[in-house]
Amino acid sequence: MSTAPNMVVGQSRVARWAFNGSVIVLCLWVLVPIYLLIANALSAPSEVTQFPKKMVPSFDTESVEFFLYFNGVGKALWSSVQVAFLTMVMSILIGAPAGYSLSRFDFRGKNAFRILVLMTRAFPLPLLALPMAIMFIRVGLDDTVFGLALVHTTLALPFAVLITFSLFSGIPIELEEAAWTLGCNRLQAFFKVIFPLVLPGITASAIFAFVVSWNEVFAAAVLTIEHRTLPAFLLQSLDVAPLHLKFAGGAVLVVPALIFIFFVRKYLFAMWGIANR
Amino acid sequence: MAEIQIKQVAKSFGKFEALHSIDLTITDQEFLVLLGASGCGKTTLLRIIAGLETATSGEVHIGGKRIDHLPPKDRGISMVFQNYAVFPHLTVYENIAFGLRMAKLDQAEVDRRVNRTATLMHIEQLLQRYSGQLSGGQRQRVAVARALATEPDVILMDEPLSNLDALLRMEMRAELKGILAESNTTTVYVTHDQVEAMSMADRIAIMQGGDIIQAATPVEVYRNPAAHFVGSFIGNPPMNFLPAKKVSDGLWTVAGAQFDGPSSNKNELNFAIRPEDLLLSDNGPLQAKVTLVEPLGSHVLASCNIENNLFRVVLESDTSISRGDVLNLKPMPDRVRWFDPDNQLAV
């Protein structure tokens, strides 16, 4: 009996070390590249290739400025914003009703549907790209903001469905029922009671869809020429650019996404909780 | 006028039959309690009246009008939920006003009704708070105020007190009964707590396995249970049962003693008596060996053994008995009841 508590403590100490160690490794895995990216973007061009490196960058904005005024960046940025905004709107308009039905109604094939929603993410986009490009050319959607937004919506939709599903599931059905008994029909109850309660979560889910679109490069590169989004434009133009410009471009892409994700992280955890079941 | 008529209402969930054919009439302004263990169908029946659940077959009428095809909002009902369902994004004031705004009453009338029901429920000082800032008891009061504010014909309550602690529950029980009696509404109240049912109801409908076993006044269900289940469910401690064998027509042996009983073509019945309907008497015909004595202040509860049947007796608090004593008990003749062991019904 007397050794048992010691064993437990010993085990938990090892487990704690392993846990803390993994946390540190994972954090470094993510943070070191981001640090290097931003540090290099904020260094003078000559410092980028210098060795040994200074840990604190010189906060020289020459690379970033050059990059921002580089011909075509503004246009690509505008395309990116348009595509991401459209993606966001379409994902929520289609995803939220699906999430609501999954949480409130019982129907045949509900579980299969939920798995299918996830499975769409397992389907590699490159496999689809060529047939899709041909189809888009046939219907005249190629090289349009709307066409690309459609593709990005299919990528963002599973997340929108799962996040909103977990949001709606977190709201007791009795709140809706109480609204019904107090004179609401289903739609009124939704807008007067449920919608205000899920609004923060819906916003988070919308921002996430925005980020998915913002970060997507493959479909954007294949399906657009004139209306390139920023990532696709960078892929094309920075390929042969000097190293310091690559860093500047990378930072400009990563920072907005990081900021958005930071604000909605709470809701993303909720989604994983559901998706892992 | 809001008489509720439930006609042959049945409900099944897939293969499971939650309600067999239920027939029940609840008179205008009556306080009816649906009482039963969990899973007996009482909440399902309430939700069918509310319109939150659709009956598989049967009809529901309120005030002479058939309403089972109408959505909840058109039934003239309001409901209090077990978890209160107070809207978290609205203040107490807006919660109570919710139904009134849906009915498009003018602001002066909304104000008047909110203040009146809030005063009635003693929450007038909480009107600007949100549900997160309220205790369970206060939320409960908001839920009742919200249901009363629309001045419905029928109020439906689904175990509204079960989430409160024991003391608060007792207080709210008395308060609710008074308020609902004055509000002139018909009330259907679901509970699994028989004390709550006895103390509040005009009439209790006892449910078991999707059927209403008995619907009668509290005194009637207590004194004359229609079935074995009612006798054992109502009353704390419950009714005592002993097997009885026929001697001759109208004469039965129970634990070696003979009793006058009903004439029946059965050879065996169950003899039943409430624990407080027994007297200590030197020539008492039932010999009960005491196995446990619980002095409860107002009375003494003795658990005894009669031919391996648990038999409880409630005695005066100054009775001095101890474990192992043999009591001679005399049942009060007019309180003895008989049940058929096969169909469990009263004889």
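The values are calculated or read from the model by the stated rules, or taken from the named source; none is laboratory data. Everything numeric here is computed off the predicted structure, so don't read it as measured data. Cβ coordinates were reconstructed from backbone atoms using ideal geometry, including for glycine residues, and neighbour counts include every protein chain displayed. For the accessible areas, the whole protein counts, side chains as well, though only heavy atoms, and no ligand, DNA or RNA atoms are used. Shrake-Rupley method; radii C 1.70, N 1.55, O 1.52, S 1.80 Å.
Checked against the criterion of being within 14 Å of another protein chain (Cβ to nearest Cβ) and in a loop (DSSP other than H, G, I, E, B), the stretch A:108-129 has at least one qualifying residue. For the stretch B:214-239, taking the residues that are in contact (Cβ under 8 Å) with a residue 40 or more places away in the chain and touching a Pro at 6+ places or on another chain (Cβ under 6 Å), the one that is least open to solvent (accessible area, probe 1.4 Å) is identified as B:231.
Residues of the stretch A:146-168 that are closer than 30 Å to residue B:78 by Cβ and either open to solvent by 20 Å² or more (accessible area, probe 1.4 Å) or within 14 Å of another protein chain (Cβ to nearest Cβ) (or both): A:167 alone.
Cβ separations smaller than 6 Å between residues 6+ apart or across chains give no pair from the stretch A:93-110 residues that are within 20 Å of residue A:200 (Cβ to Cβ) to residues that are open to solvent by less than 30 Å² (accessible area, probe 1.4 Å) and part of a loop (DSSP other than H, G, I, E, B).
The rows are residues; the columns are (1) of a type in the set (D, E, K, R); (2) touching a helix residue (DSSP H, G or I) at 6+ places or on another chain (Cβ under 6 Å).
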site	(1), (2)
A:96	no, yes
A:105	no, no
A:124	no, no
A:138	yes, no
A:154	no, no
A:168	no, yes
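Annotation: of all residues in the stretch B:314-347 being under 24 Å from the mean Cα position of the chain (by Cα) and either part of a strand (DSSP E or B) or small (Gly, Ala, Ser) (or both), the one that is surrounded by the fewest Cβ atoms within 10 Å (Cβ to Cβ) is B:345. For the stretch B:95-134, the set of residues classified as open to solvent by less than 10 Å² (accessible area, probe 1.4 Å) and within 14 Å of another protein chain (Cβ to nearest Cβ) consists of B:95, B:96, B:97, B:99, B:100, B:110, B:114, B:117, listed by residue number.
All conditions in (1) under 22 Å from residue B:164 (Cα atoms); (2) away from every other protein chain (no Cβ under 14 Å) hold for residue B:81, with the sole exception of (2). Regarding the stretch A:173-185, can at least one residue be identified that is under 27 Å from residue A:215 (Cβ atoms), β-branched (Val, Ile, Thr) and touching a residue at least 24 places away in the same chain (Cβ under 8 Å)? Within the stretch A:173-185, none of the residues are under 27 Å from residue A:215 (Cβ atoms), β-branched (Val, Ile, Thr) and touching a residue at least 24 places away in the same chain (Cβ under 8 Å). Within the stretch B:55-78, if we keep just the residues that are within 14 Å of chain A (Cβ to nearest Cβ) and of a type in the set (A, V, I, L, M), the residue that is farthest from residue B:185 (Cα to Cα) turns out to be B:70. Each residue in the stretch B:12-50 was checked for being open to solvent by 20 Å² or more (accessible area, probe 1.4 Å) and touching a helix residue (DSSP H, G or I) at 6+ places or on another chain (Cβ under 8 Å), and 1 of them qualify. Can you say whether residue A:93 is open to solvent by 40 Å² or more (accessible area, probe 1.4 Å) and farther than 21 Å from residue A:157 by Cα, as far as the supplied structure shows? No; evaluated as a whole, the condition is false for this residue. Of the helices (runs of 4 or more DSSP H) lying entirely inside the stretch A:169-218, those carrying at least 2 residues that are facing chain B (nearest Cβ under 7 Å) are A:173-181, A:195-215.
Got at least one residue in the stretch B:154-161 being closer than 30 Å to residue B:17 by Cβ and more than 14 Å from every other protein chain (Cβ to nearest Cβ)?
Yes, the stretch B:154-161 contains at least one residue that is closer than 30 Å to residue B:17 by Cβ and more than 14 Å from every other protein chain (Cβ to nearest Cβ).
Does residue A:262 meet the test of being part of a helix (DSSP H, G or I), surrounded by fewer than 20 Cβ atoms within 10 Å (Cβ to Cβ), within 13 Å of the chain's Cα centre (by Cα) and aromatic (Phe, Trp, Tyr)? In short, yes. Scanning the stretch B:261-289 for residues that are open to solvent by 10 Å² or more (accessible area, probe 1.4 Å) and either touching a residue at least 60 places away in the same chain (Cβ under 8 Å) or not assigned by TED's automatic domain parsing to the domain that holds residue B:312 (or both) gives B:261, B:262, B:264, B:266, B:268, B:270.
A quick yes/no check of all residues on (1) among the basic types (Lys, Arg); (2) in a helix (DSSP H, G or I); (3) at negative phi; (4) modelled with pLDDT under 80:
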site	(1), (2), (3), (4)
A:26	no, yes, yes, no
A:33	no, yes, yes, no
A:37	no, yes, yes, no
A:43	no, no, yes, no
A:50	no, no, yes, yes
A:56	no, no, yes, yes
A:64	no, yes, yes, yes
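Selection of first residues in the stretch B:323-338 that are within 15 Å of residue B:254 (Cβ to Cβ) and of second residues that are in a strand (DSSP E or B) and open to solvent by 20 Å² or more (accessible area, probe 1.4 Å), restricted to Cβ pairs under 6 Å at least 6 apart or on distinct chains, gives the following pairs, ordered by first then second residue: B:330/B:279.
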